[in-house]
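Encoded as structure tokens, the structure appears first; notes follow it.
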Amino acid sequence: MATQYKSATEYIEHHLGFFTKPAEGGGFWSINVDSVVTAVLLGSIGLGLLWWVVRGATAGVPGKRQAFVELLIGFIDDQVKGIFHHGDRNKFIAPAALTVFVWIVLMNSMDFLPADWVAAAFGLIGVHAWRIVPTADVNTTFALSLSVFAMMIWFSIAAKGLGGWIHELFCAPFGGHPLLWPANFLFNCVEYISKPLSHSLRLFGNMYAGEILFLLLWMWAANSSFAQDYFGGFIVSVLLGLGWAIFHILIVLLQAYIFMMLTIVYISMAHEHH
Amino acid sequence: MNINATLFAQALVFFAFIIFTAKFIWPHMLRAIEARQKQIADGLAAGEQGRKSLEVSGKQTEQTIQEARVRAAEIVGQAEKRGAQVIEEAKTVAKAEGEREKTAAKADIQQAASRAREQLREQVAALAVAGAEKILRREVDAKAHAELLDGIKKQL
């Protein structure tokens, strides 16, 4: 496939193009249809499966499916239990953590689909750009991290009241002396800005790099001296892709786990009084 | 890497998914897990109770056996005593009976002896009379000496 393109840059650019529906109002109001549709589909499939299993859940001896879902939910509940000590975790934070984990794992896993196959399949139905990994779209990761940011503010105010929240903005962490107010405020601003930024860019960077690395590996296999022999190029590209895919499993799960843990930590911290 | 309205779309999707999970997935699973936890806790409690009642009934059994053992020993003691008593009584009765029979036999023997003596006495008397008759036939009148003979007979 790669040999059809004139250069590596063109190949990569083609695979990293978005299926964007531009809006009349201008650049900002356009929407990346591919990211949204893929994300909605994956979330619906993942959560739908969970719902299907959980609906028939029995308190007796669980089946294999239920045991798996219980394992997942128990794992997440353990994480939440260890961090969140500010009330009923079952009401919001634990379900939110489950959602985040399942959804992000599925979105990240799209990276395992061979990019060329995806491109070819969508080419058949006349769509020439479809980014299959929603988490490699910075809009998705920022949507997630800014939502978590909004929850942070919301729970912070809900736990301490608006006055309490503003008080903390100026009087923590260094102390309540009026001379320290600017320092506290500056510190809190940096913290509030860095949290969603690092939260989203970490996930985005990992997934985007993963995607590009697949493309680069296949480019390398296609353009190296191995490719002079057709099967040699084929085998080398399979080996390179397989190697990176196996390593990428770790990254996919790890990044989803990190994103979930940070979500729990940020929301828990929002509940804390200083 | 351009930010656009996808941001809002994805955020809305995110919240929708969280609400779905919080409403339809988490509580279901939690209910099942909690119900199982309760079942397990109940089972463990029942097991503990069973163990305790087993302990209690074991103690009761032991006590009952102890009581039965004491009672059995008592009964055996009584039976032994009674046996000894019965034997003693039987001995006494047997002795008395023996005594009685001995007495009876003695009486019989005496009777028989006295009867024999009587017969013997009569026979001796008759013999003596016969002898005397033969001697005296010729010279003595039997009638005249009958008185004398009766006196002798009585002395014997």
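The values are calculated or read from the model by the stated rules, or taken from the named source; none is laboratory data. If you're wondering where the values come from, they're calculated on a predicted model, not measured in any experiment. Using ideal geometry, Cβ is built from the backbone for each residue, glycine included, and neighbour counts are taken over all protein chains shown. Protein only, heavy atoms only, side chains kept; ligands, DNA and RNA dropped before computing areas. Shrake-Rupley method; radii C 1.70, N 1.55, O 1.52, S 1.80 Å.
Numbers for the structure displayed
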{"read-out": "B:T6, sole failed condition from (1) more than 30 Å from A:L42 (Cα to Cα); (2) touching a strand residue (DSSP E or B) at 6+ places or on another chain (Cβ under 6 Å)", "value": "(1)"}
{"read-out": "Checking A:V127 against (1) in contact (Cβ under 8 Å) with a residue 60 or more places away in the chain; (2) surrounded by 20 or more Cβ atoms within 10 Å (Cβ to Cβ); (3) among the β-branched types (V, I, T), the condition it does not meet", "value": "(2)"}
{"read-out": "Restricting the stretch A:53-91 to residues that are of a type in the set (S, T, N, Q) and assigned to a loop (DSSP other than H, G, I, E, B), the residue that is most open to solvent (accessible area, probe 1.4 Å)", "value": "A:T58"}
{"read-out": "Residues of the stretch A:234-271 that turn out to be under 21 Å from A:S198 (Cα atoms) and not aromatic (F, W, Y), as a count", "value": "20"}
{"read-out": "Any hit, the stretch A:154-161, residues being touching a residue at least 24 places away in the same chain (Cβ under 8 Å), touching a helix residue (DSSP H, G or I) at 6+ places or on another chain (Cβ under 6 Å) and open to solvent by less than 30 Å² (accessible area, probe 1.4 Å)", "value": "yes"}
{"read-out": "Qualifying residue in the stretch A:69-79 (condition: polar (S, T, N, Q) and at the interface with chain B (Cβ under 8 Å from one of its Cβ atoms))", "value": "no"}
{"read-out": "Count - residues of the stretch A:112-151 that are touching a helix residue (DSSP H, G or I) at 6+ places or on another chain (Cβ under 8 Å), more than 14 Å from every other protein chain (Cβ to nearest Cβ) and assigned to a helix (DSSP H, G or I)", "value": "4"}
{"read-out": "Any hit, the stretch A:86-102, residues being in contact with a Ser or Thr (Cβ under 7 Å, 6 or more places away or on another chain) and more than 23 Å from B:A9 (Cβ to Cβ)", "value": "yes"}
{"read-out": "Whichever residue in the stretch A:38-52 is more than 9 Å from every other protein chain (Cβ to nearest Cβ) and open to solvent by 60 Å² or more (accessible area, probe 1.4 Å) and, among such residues, is farthest from B:Q10 (Cα to Cα)", "value": "A:W52"}
{"read-out": "Filtered residues of the stretch A:175-187 (kept if over 36 Å from the mean Cα position of the chain (by Cα) and surrounded by 15 or more Cβ atoms within 10 Å (Cβ to Cβ))", "value": "A:L180"}
{"read-out": "Any hit, the stretch A:188-199, residues being within 22 Å of the chain's Cα centre (by Cα), open to solvent by 70 Å² or more (accessible area, probe 1.4 Å) and among the basic types (K, R)", "value": "no"}
{"read-out": "Scope the stretch B:22-62; condition away from chain A (no Cβ under 14 Å) and open to solvent by less than 100 Å² (accessible area, probe 1.4 Å); matching residues", "value": "B:A45, B:A46, B:G47, B:E48, B:G50, B:S53, B:V56, B:S57, B:G58, B:T61"}
{"read-out": "Members of the stretch B:10-21 that are open to solvent by less than 70 Å² (accessible area, probe 1.4 Å), over 19 Å from A:L197 (Cα atoms) and facing chain A (nearest Cβ under 7 Å)", "value": "B:V13, B:F17, B:I18, B:F20, B:T21"}
{"read-out": "Some residue of the stretch A:14-25 being free of Cβ contacts under 8 Å to residues at least 12 places away in the same chain, more than 11 Å from chain B (Cβ to nearest Cβ) and surrounded by fewer than 19 Cβ atoms within 10 Å (Cβ to Cβ)", "value": "yes"}
{"read-out": "Filter result (more than 50 Å from the chain's Cα centre (by Cα) and among the aliphatic types (A, V, I, L, M)) within the stretch B:28-64", "value": "B:M29, B:L30, B:A32, B:I33, B:A35, B:I40, B:A41"}
{"read-out": "Selection from the stretch A:26-37 of residues that are buried (at least 16 other Cβ atoms within 10 Å of the Cβ) and within 9 Å of chain B (Cβ to nearest Cβ)", "value": "A:S30, A:I31, A:N32, A:V33, A:S35, A:V36"}
{"read-out": "The listed residue being assigned to a helix (DSSP H, G or I) and at pLDDT below 95, out of A:P182, A:P173", "value": "A:P182"}
{"read-out": "Restricting the stretch B:93-130 to residues that are over 30 Å from B:K153 (Cα atoms), open to solvent by less than 90 Å² (accessible area, probe 1.4 Å) and not small (G, A, S), the residue that is nearest to the chain's Cα centre (by Cα)", "value": "B:E97"}
